[in-house]
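Down below is the structure, laid out as structure tokens.
Where a number appears in this text, it was derived from the coordinates with a stated rule and is not lab data. Quick caveat, the model's predicted, so the values are computed rather than measured. Cβ sites come from the backbone with ideal geometry, for glycine too, and all protein chains shown count toward neighbours.
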Ligand code: SF4
Ligand code: SF4
Ligand code: SF4
């Protein structure tokens, strides 16, 4: 463990820039903390925090000048590793043949350094790794971006109102898979970061950033901050037998209840850091001699998603919400060996009508228990 | 492509001309289009009028008079493919607000000699009278979508015109949601995409210019807004805009009367 003083934080950013990284970190834009290109600590949300509840997000001033004193915002790192729009290829007609051209931006995407990756987000990246770079399939647009990425993780020293990483066993302490991990300690006249090195790349960068070794008490303070965060989760999700809960309740009346409230707007899937669905659109120009193929984010909430020759396999809102939650919390486990939910709370905060996955799971459980009880007493 | 250039006609019914202007506004693209297609009938832009039949007919505007009814039937007969452009042609337009009132009373107030006015009591979309092959939404339409539809029809492929919520476009662009972050009422979750989430990109709530999206749950959005202080009257007005007479919006505004 090392200690980096706040005044030396910019040296970390410039060390990364000098290595050719496009440095992305938190920044305030349009009343929220988003992830954007940053050049120095002054681009960070200095002294800002957020208050989150279902369907509500508000920026608030902090009493200190913390750089990482907020919880996760509307965006995730997904938008850099798995961009919302990607041109896959273009096709040019040449007489009786045609030429397929791949897109340069995919062959040489920016080399990203992400500063401020939270534990739930790191877990989400690991989940997307399983989707986009497994033994069977590998998506070249993802692989290149991911392999070259440098990750500066940050331990959470406060919990957001919709966070439930403790329930999902994905935080708040970052474990592995980072290059550097920081815990911000601010107050009582100190402002520094307790740093942990997670890779050779991370060790190389650390050489250029002034630091000293952290003694036991220095590291202990950081530990305590993260422990306290774990005690103050905004939400909890009971994951006992969750797979069975969902699989056994395909016909629950509760789905009709959610469908009445759900807008089918798809915000939840767009903000979710693990959702990976996309669609492919082909477009020709007027001459018909040139065509492009684009990939863009899609969602199981759209009507088009289930459209196949002959019909739509998920035309009702009920079926679409059920698909999302059942995939996320149950079939994902069969498919990828882990839950598709890392407890980041984004789908709760950014649902325009505040549908809360933890509350829906709880309601499904209550409904299920009630029905079981009725069955066993012969009602 | 055929040796013969496909013939295109552009018609106007009750409308403000804004959608036809989107076509004219696509100057650069239009030049390219002009080389590939024959714009045979477009009174707004040219005096040249080649007789039908036409391969594609683009119709702007709603049907508001008995004469319009006759004319749209004739138009349908002379066009192989009929595409409506804009909220008027697709949902009756802003002039459909009169559908809730007494038109005779309006004509009495507005015209010195109302007996010369021959009008229907409602403003209705083209699709209420004839079969429409494709309805392009928007008030006004997005010129890039119009070009996409024309090109797709010329090349006999499906146009890439999604029908989902405006919210998806907001998120694709990386916008911060104005409803969640600012508490600004926004019709985006129930509105059809097409504008590229224009208003939310400038920190405004969506006005619903592209009409209801494919599975609009307007009552759930209203319930949420009422919980957050909107009045029934405000909701009635919110849904009674350019697409007031589109079914999902019409039912919703009626429920707040
Ligand atoms: S389902 Fe919701 S809480 Fe879980 S990871 Fe996705 S956005 Fe976060
Ligand atoms: S759960 Fe919320 S965000 Fe997701 S589709 Fe339904 S209304 Fe939209
Ligand atoms: S600003 Fe409006 S359109 Fe955009 S995500 Fe929010 S509710 Fe949807």
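The C-alpha radius of gyration of region A:269-343, expressed as a fraction of 2.2 N^0.38 Å, stands at 1.38.
The label-point distance for residue B:17 and residue A:135, in a model that sets each label 7 Å from Cα toward Cβ, rounds to 6.8 nm. Per the Debye formula on identical point scatterers at the alpha carbon atoms of region A:21-157, with no solvent, log10 I(q)/I(0) at q = 0.20 Å⁻¹ is -1.20. Calculate log10 I(q)/I(0) of region B:1-92 for q = 0.19 Å⁻¹, where I(q) comes from the Debye formula with a single equal point scatterer on each Cα and nothing for solvent. Scattering profile of region B:1-92, log10 relative to I(0): -0.90.
Ellipsoid semi-axes for chain A, based on the Cα gyration tensor and the rule √(5λ), read 36, 32, 17 Å when sorted largest first. Calculate the length of the line joining the C-alpha centroid of region A:322-351 to that of region A:87-112, in whole Å. Result: 34 Å between the Cα centres.
Among B:36, B:218, B:90, the largest mean-square fluctuation in a Gaussian network model of chain B, built with springs joining Cα atoms closer than 10 Å, belongs to B:36.
Take the Cβ-Cβ distance between residue A:5 and residue A:244 as r, set R0 to 45 Å, and report the resulting FRET efficiency rounded to the nearest 0.05. Calculated transfer efficiency: 0.30.
Modelled this way, with points 7 Å down the Cα-to-C-beta line, the labels at residue A:148 and residue A:101 are 2.0 nm from one another. Taking the number of Cβ atoms within 10 Å of each Cβ as an exposure proxy, the fewest-first ranking of B:49, A:270, A:233, A:264 is B:49, A:233, A:264, A:270. Each principal axis of the Cα cloud of region B:7-154 was evaluated for its coordinate range; sorted largest first, these ranges are 49, 28, 27 Å. Counting pairs of Cα atoms in region A:182-314, how many percent are more than 19 Å apart? So the portion of pairs separated by more than 19 Å is 76 percent. Of all DSSP-defined beta bridges confined to the protein assembly as shown, some 65% are antiparallel rather than parallel. GNM on chain B, alpha-carbon springs under 10 angstrom: the most fluctuating residue among B:212, B:162, B:140 is B:162. Remark: the protein assembly as shown is approximated by an ellipsoid whose semi-axes, taken from the C-alpha gyration tensor as √(5λ), come to 50, 30, 24 Å, largest first.
Out of every Cα-Cα pair that region A:258-298 contains, those further apart than 11 angstrom amount to 73 percent. Dividing the alpha-carbon radius of gyration of region A:197-263 by the rule-of-thumb value 2.2 N^0.38 Å gives 2.10.
Per residue of B:215-225, other chain Cβ atoms within 10 Å of the residue Cβ number 5 on average.
Remark: the Cα gyration tensor places chain B in the oblate category, a/c being 1.5 or greater and a/b not exceeding b/c. Centroid-to-centroid, using Cα positions, region A:122-159 and region B:128-158 are 40 Å apart. Neighbour counts of other Cβ atoms within 10 Å put B:122, B:48 in the fewest-to-most order B:48, B:122. Shielding of peptide A:176-182 by partners, expressed as the average count of other chain Cβ atoms within 10 Å per residue Cβ, is 0.
Shape class for region A:151-213, computed from the alpha carbon gyration tensor (a ≥ b ≥ c): oblate, with a/c not under 1.5 and a/b at or below b/c. Peptide B:158-165 has a mean shielding of 5, counted as Cβ atoms of other protein chains within 10 Å of each residue's Cβ. Taking chain A as a Gaussian network of alpha-carbon nodes connected by springs under 10 Å, the highest mean-square fluctuation of the residues A:22, A:309, A:349 belongs to A:309.
Under the simplified labelling scheme, the residue B:108-residue A:22 pair shows an inter-label distance of 6.6 nm, with each label point 7 Å from Cα along Cα→Cβ.
Please say if region B:166-255 is rounded, prolate or oblate, where rounded means a/c under 1.5 for a ≥ b ≥ c the square roots of the C-alpha gyration tensor eigenvalues, and otherwise the choice is prolate for a/b larger than b/c and oblate otherwise? Oblate shape, in that a/c is at least 1.5 and b/c is the bigger or equal ratio. Taking the number of Cβ atoms within 10 Å of each Cβ as an exposure proxy, the fewest-first ranking of A:245, A:364, B:21 is B:21, A:245, A:364. Between 0 and 90 degrees, the angle of helix B:218-227 with respect to the longest Cα principal axis of chain B falls at about 30 degrees.
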